[in-house]
Amino acid sequence: MKIIAAFNIKGGVGKTSTAVNLAFLAAQTGYRTLVWDLDPQGASSFYFRIKPKVKGGSKELISGKCELDGLIRGTDFERLDLLPADFSFRNLDLVLDSGKKPTHRLEKLLKPLGDDYDFIFLDCPPNISLLSEAIFEASDILLSPVIPTTLSLRTLDQLKKFISHKKIKKLQLMPFFSMVDRRKKLHLDIMKILPEQHPDFLTATIPYASDIERMGQERMPLNAFIKNSRSTRAYLELWQELLEHLNSKSL
Amino acid sequence: MLYHFDAPGRLTTENLIAELSKKLNVQLVSQHYSLKTYFDSFDWRLYSGGILCEFNQSKPVSRLILKDCLSGQTLASADLDSIPAFAAGFSNAKIRKMLSPLLEMRALLPITTLDYTLYQLNILNEDEKIVLKIIIESYDLINSRISLEAIKGYDNALARVSKILIEAGLKPSRSSVLVDALKTQSRKPSDYSSKLTIELAPDLRADIAVKYILSHLLKTIKINEQGTITNTDSEFLHDFRVAVRRTRSGLSQLKEVLPEAENDRFSQYFAWLGQLTNQTRDLDVQLINFENYQNALPVTLRKDLTPLYDFLSVKQKQAQKTLAAKLKSSEYVIPLRQWEDFLKTPAIKKPTETEALLPIKNLADRRIWKVYKRIIKQGNRITDQSPAENLHELRKTCKKLRYLMEFFQSLYPQKKIKPLIKVLKDFQEILGDFQDLEVQEQSLKTYSAEMIEKQVPANTFLAMGVLIQNLDKRRCDTRNAFATKFETFKQRENQISFQTLFKNNEPDT
Ligand SMILES: Nc1ncnc2c1ncn2[C@@H]1O[C@H](COP(=O)(O)OP(=O)(O)OP(=O)(O)O)[C@@H](O)[C@H]1O
Ligand SMILES: [Mg+2]
């Protein structure tokens, strides 16, 4: 089982779109896949038409009293399940903090799912907090959508510092460009110079595209309502690059 | 999880969907015409092994599904255009590994085909989210099947739809589609087995009983005739031969029962028929054993054996062709029809044969006991120095006893006769192995002589030499194990069991 967190300190950069669309592709490839919606706004739950409601809320969930398996719901797509969000997730930090070993809590909760899923995608809320630390400890890969602006790169540096400061061993940060607008000179400039400073950037990029925005009306992953477009190809490339990284690492 | 229901015949699929639509948000995903064919070996090896093999053909794709007989759950599936004849022909490894140990050398044959319309429905909630998937297979001849595929976390929908279906008169499926389909043809699964099951009443007149047994064997001969001619797989000929051999044994073992002239004439005919099939069967056995032959060789020699396989295949095809032609000739057909007529003629009121009027149980006791005593006598005479012929003689006597016990099984308590058949079977194994190894060794020598003229590479002969050595070594081992096996067979406990079961009705002589 591989755990992949779609994470960025900044909001509105494409974390949810990434988690939802890559999870869909993973399931299509044949992997048993789970999306965990950790954001109280419940955006990924919304995309799968699943009510953002968890019995017992964040307290019960974090305490581990009820197993995660009982809260999981099947999506409309084969091999793809979702663990919905709940409005109470807004105080996840507090709940975590009141328990033992808060930064290792998610890791422990996810462990029993190892036999049921090949991939788990975590759709994370923005910001950096105790929850983020717990996410870093639980994940194998931190997949981070970055809009090519100067400010975005600064937050990426902050994130890198944070991770190295906390000494989280197995976590691999994988940034990639998201919402790339080829008409904007700034985007192109930044993307040109960047690989020198940050060689860890993935080569696949997600364009700024109206069909990705339409996921909100369609309420389903992009590839479920569009068969072949620039955007679907971009997500497919991103997924394949991710898989290659995983395969080369496991060899 | 899947939940299966049967729709009563009067309820059409359209009405059922209308009924569901009144209460639920139903989405028709697809509807198309399909063909479903069940496959199994002629002797139902998959079904006996708890597997249903379903091939669903429809426009977009054709799919093979292996299901658990009892639960109906899918065990494996693959998209395929056609079904290979043998398990080894499946490219899907999971399917191949599931089928091979069950089917072995038997071919997969279509058993029955049904046409149906396949409906796929989704039940949606107020968010237009799928909460349950429904699959309807709508048949003409049998009840339609409705399967509910639950979606994790939406048990309410499953419960709700189940309730609506039950209220509409549907019932949880009891029998499989295969069983229902066969029922429309007055058939049922496992309606052929190479095992003998003959029910006899103890006081039945011997001549009537013997004809009954022989008719049963004739049926087996006829059932396997076509598959032998077409060479569908090697076991049609095998079962055909066993039935012929049993018939011969019956005729000679129960001599004083049927009119002498017919007995002699048909004995000759079946002896001829047995002869006719020998060569093809020998070659079949060589081909079946070929993998073992290869595995018994050092890895470096294995490839060298390939020319032998090619040689055997060509030879088998020729022999089989000759045999098939014979089985279509009047030489075979006419006497067999006369045999059938003879078996059908009612018993004579006052037969002259001495044993014709005996109650069959008496005759059975007498014959079985006599042959059993002969085995003990022959076995006792065999020492470590005795020639191979003595073992072959004993093997034949054992076979006679085996056939008698199988013919007359129903006359004895199953709990008593079954273990004794098992005792005999275990003993026969070593005699059979001894004989088979000798035949294989002999045949290989004959083949190598024939192959010399065919410019076969020298290494092939080297490999065959090693093979013959292997066989010879195994034959010696088998021969050395004989004494112990015979001791086991004739141990006191077994002797007493044979005696009490078969001897008691006869006055001691
Ligand atoms: N590549 C893109 N092109 C155009 N619009 C996009 C793209 N990716 C995401 N969007 C839109 O931008 C908005 C934010 O995207 P998304 O929800 O994926 O980001 P997020 O990082 O998860 O946001 P948040 O921090 O609020 O959780 C959404 O309305 C989405 O439809
Ligand atoms: Mg989001």
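One residue is enough: does region A:2-19 have a residue meeting the conditions within 14 Å of another protein chain (Cβ to nearest Cβ), modelled with pLDDT of 95 or more, within 16 Å of ligand 2 (Cβ to nearest atom) and under 27 Å from B:V29 (Cβ atoms)?
No, region A:2-19 contains no residue that is within 14 Å of another protein chain (Cβ to nearest Cβ), modelled with pLDDT of 95 or more, within 16 Å of ligand 2 (Cβ to nearest atom) and under 27 Å from B:V29 (Cβ atoms).
Just give me the residues in region A:1-12 being out of contact with any Cys (no Cβ under 9 Å at 6 or more places or on another chain), within 21 Å of A:A134 (Cβ to Cβ) and within 16 Å of ligand 1 (Cβ to nearest atom), in sequence order.
If the condition is that a residue be out of contact with any Cys (no Cβ under 9 Å at 6 or more places or on another chain), within 21 Å of A:A134 (Cβ to Cβ) and within 16 Å of ligand 1 (Cβ to nearest atom), then A:I4, A:I9, A:K10, A:G11 are the ones that fit.
Looking at B:L431, is it among the aliphatic types (A, V, I, L, M) and open to solvent by less than 40 Å² (accessible area, probe 1.4 Å)?
yes
How many residues, within region A:237-251, are assigned to a helix (DSSP H, G or I), of a type in the set (A, V, I, L, M, F, W, C) and open to solvent by 70 Å² or more (accessible area, probe 1.4 Å)?
Residues in region A:237-251 being assigned to a helix (DSSP H, G or I), of a type in the set (A, V, I, L, M, F, W, C) and open to solvent by 70 Å² or more (accessible area, probe 1.4 Å): 0 in total.
So which residues in region A:41-65 are open to solvent by less than 50 Å² (accessible area, probe 1.4 Å) and within 13 Å of another protein chain (Cβ to nearest Cβ), if there are any at all?
A:G42, A:S45, A:Y47, A:F48, A:R49, A:I50, A:V54 - these are the residues of region A:41-65 that are open to solvent by less than 50 Å² (accessible area, probe 1.4 Å) and within 13 Å of another protein chain (Cβ to nearest Cβ).
Can you name every residue in region B:104-128 that is away from every other protein chain (no Cβ under 14 Å) and among the hydrophobic types (A, V, I, L, M, F, W, C)?
Correct list: B:M105, B:A107, B:L108, B:L109, B:I111, B:L114, B:L118.
Of the numbered conditions (1) farther than 28 Å from A:F46 by Cα; (2) open to solvent by 20 Å² or more (accessible area, probe 1.4 Å), A:H198 satisfies every one except a single condition; which is it?
Tallying (1) farther than 28 Å from A:F46 by Cα; (2) open to solvent by 20 Å² or more (accessible area, probe 1.4 Å), A:H198 fails exactly one: (2).
Does any residue in region A:114-126 that is farther than 15 Å from A:Y47 by Cβ and within 8 Å of ligand 2 (Cβ to nearest atom) come within less than 9 Å, Cβ to Cβ, of a residue that is of a type in the set (K, R) and open to solvent by 20 Å² or more (accessible area, probe 1.4 Å) six or more places away or on a different chain, and which pairs are these?
Every condition considered, the pairs that remain are A:P125/A:R90; A:P126/A:K10.
Could you please tell me which pairs satisfy a Cβ distance under 7 Å, a separation of 6+ or placement on different chains, a first residue in region B:223-237 that is in the same structural domain as B:A325 (by TED's automatic domain parsing) and in contact (Cβ under 8 Å) with a residue 12 or more places away in the chain, and a second residue that is in a loop (DSSP other than H, G, I, E, B) and of a type in the set (G, A, S)?
B:T232/B:A107; B:D233/B:A107
How many residues does region A:20-59 hold that are more than 16 Å from ligand 1 (Cβ to nearest atom) and in a strand (DSSP E or B)?
2
State yes or no: is A:S17 open to solvent by 10 Å² or more (accessible area, probe 1.4 Å) and near ligand 1 (Cβ under 10 Å from one of its atoms)?
yes
Every residue, every condition in (1) touching a Lys or Arg at 6+ places or on another chain (Cβ under 8 Å); (2) surrounded by 20 or more Cβ atoms within 10 Å (Cβ to Cβ), yes or no:
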position: B:R174; (1), (2): no, no
position: B:L178; (1), (2): no, yes
position: B:K188; (1), (2): no, no
position: B:L196; (1), (2): yes, no
position: B:D203; (1), (2): yes, no
position: B:Q226; (1), (2): no, no
position: B:D233; (1), (2): yes, yes
position: B:A261; (1), (2): no, no
position: B:D264; (1), (2): no, no
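Among the residues that make up region B:213-221, is at least one of them among the β-branched types (V, I, T), at pLDDT below 95 and crowded, with 18+ Cβ neighbours inside 10 Å?
No: region B:213-221 contains no residue that is among the β-branched types (V, I, T), at pLDDT below 95 and crowded, with 18+ Cβ neighbours inside 10 Å.
Could you tell me which residue of region B:151-166 is nearest to B:Y3 (Cα to Cα), considering only residues that are within 14 Å of another protein chain (Cβ to nearest Cβ) and surrounded by 18 or more Cβ atoms within 10 Å (Cβ to Cβ)?
In this case the residue turns out to be B:L158.
Scan region B:313-366 residue by residue and report those that are open to solvent by less than 40 Å² (accessible area, probe 1.4 Å) and of a type in the set (S, T, Y).
Across region B:313-366, the qualifying residues are B:S313, B:S329, B:Y332.
Report yes if A:D115 is open to solvent by 50 Å² or more (accessible area, probe 1.4 Å), within 20 Å of A:A26 (Cα to Cα) and more than 16 Å from ligand 1 (Cβ to nearest atom), otherwise no.
Yes.
Report the residue count in region A:120-138 for those that are more than 16 Å from ligand 1 (Cβ to nearest atom) and open to solvent by less than 10 Å² (accessible area, probe 1.4 Å).
Residues that pass the stated criteria total 4.
Which residues, counting only those in region B:85-117, are touching a residue at least 24 places away in the same chain (Cβ under 8 Å) and open to solvent by less than 30 Å² (accessible area, probe 1.4 Å)?
B:I95, B:L99, B:L103, B:R106, B:A107, B:L108, B:T112, B:L114, B:Y116
Looking only at region B:236-252, count how many residues are more than 19 Å from B:T197 (Cα to Cα) and surrounded by fewer than 23 Cβ atoms within 10 Å (Cβ to Cβ).
1
Could you please find all residues in region B:129-145 being over 16 Å from A:E78 (Cα atoms) and either among the small types (G, A, S) or within 14 Å of chain A (Cβ to nearest Cβ) (or both)?
B:S138, B:S144
Determine which single condition B:A93 fails, assuming it passes every other condition in (1) closer than 30 Å to A:R73 by Cβ; (2) away from every other protein chain (no Cβ under 14 Å).
For B:A93, the exception is condition (1).
Take the residues of region A:40-65 that are among the hydroxyl-bearing types (S, T, Y) and within 16 Å of ligand 2 (Cβ to nearest atom): which is farthest from A:K101 (Cα to Cα)?
A:Y47
Does A:Q172 satisfy the criteria of being under 30 Å from A:G30 (Cβ atoms), open to solvent by 30 Å² or more (accessible area, probe 1.4 Å) and away from ligand 2 (no atom under 16 Å from the Cβ)?
yes
Looking at A:D81, A:D37, which one is among the acidic types (D, E), within 13 Å of ligand 2 (Cβ to nearest atom), open to solvent by less than 50 Å² (accessible area, probe 1.4 Å) and within 29 Å of A:Q240 (Cβ to Cβ)?
After applying the criteria, what remains is A:D37.
Would you call B:T446 at pLDDT 95 or above and either within 30 Å of B:F311 (Cβ to Cβ) or not acidic (D, E) (or both)?
Here the answer is no, as B:T446 does not meet what is asked.
The values are calculated or read from the model by the stated rules, or taken from the named source; none is laboratory data. Please read these numbers as outputs of a predicted model, since none were measured by experiment. We place every Cβ from the backbone using ideal geometry, glycine too, and count neighbours over all the protein chains shown. Quick note on the areas: whole protein, heavy atoms, side chains included, nothing else; ligands and nucleic acids left out. Shrake-Rupley method; radii C 1.70, N 1.55, O 1.52, S 1.80 Å.
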